[in-house]
Amino acid sequence: MYLCGELSLVSAMSGKLSHLEIEADDVCTLLMKSNDSSAHIVLHMDYLAFRPKRTVEIQTDNLSISACLVSNSISTYDRTGVETVYDIGKIDRNYTYNELQKSIIEQKPVATTLLEANSIMKVIDEVTERYMEKSW
């Protein structure tokens, strides 16, 4: 929502596909769109992959952006296919979590406002409702 604005859920799939001993779905894929229809979003999360992967990919009219949160790098590709790689240095995998907790303790939240959090919860509630009804 930070990148694309208010979102609406289009469709989703979720389930327990592995033999992991957890009481939660181990795979979930959401298809969403921004309310102004300027962006289509696919969010996929799973516990199945053996190779750590945390990526964000953004396609625009003039640029493709790929951010890898494991290798801490950002690559851009322009219309002619020229790649530019930005190395953002070594960041501990818990850095963002620690900074979020620190901001909450110091009462200087940087993550989201109450209004934004409520919008996110509405999408999560819709995903949960559809899952419970099996109405994907």
Discussion item. Please list 3J(HN,Hα) in residue order for segment 56-66, calculated via the Karplus relation 6.51 cos²θ - 1.76 cosθ + 1.60 where θ = phi - 60°; whole Hz, with x for glycine and proline.
Written reply: 10, 10, 10, 10, 10, 5, 10, 8, 10, 10, 10
Worksheet item: Around SER64, with a cut-off of 13 angstrom between Cβ atoms, what is the net charge of the other residues, counting Lys and Arg +1 and Asp and Glu -1?
Response: -3
Discussion item. Can you match percent of Cα pairs over 25 Å apart to one of these, (i) 30; (ii) 44; (iii) 26, based on a calculation from the structure here?
Written reply: (ii)
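Only the coordinates and a few stated rules stand behind these numbers; no lab work does. Just so it is clear, the structure is predicted and the values come from calculations on it, not from any experiment. With ideal geometry, Cβ positions are generated from the backbone for all residues, glycine too; neighbour counts draw on all protein chains shown.
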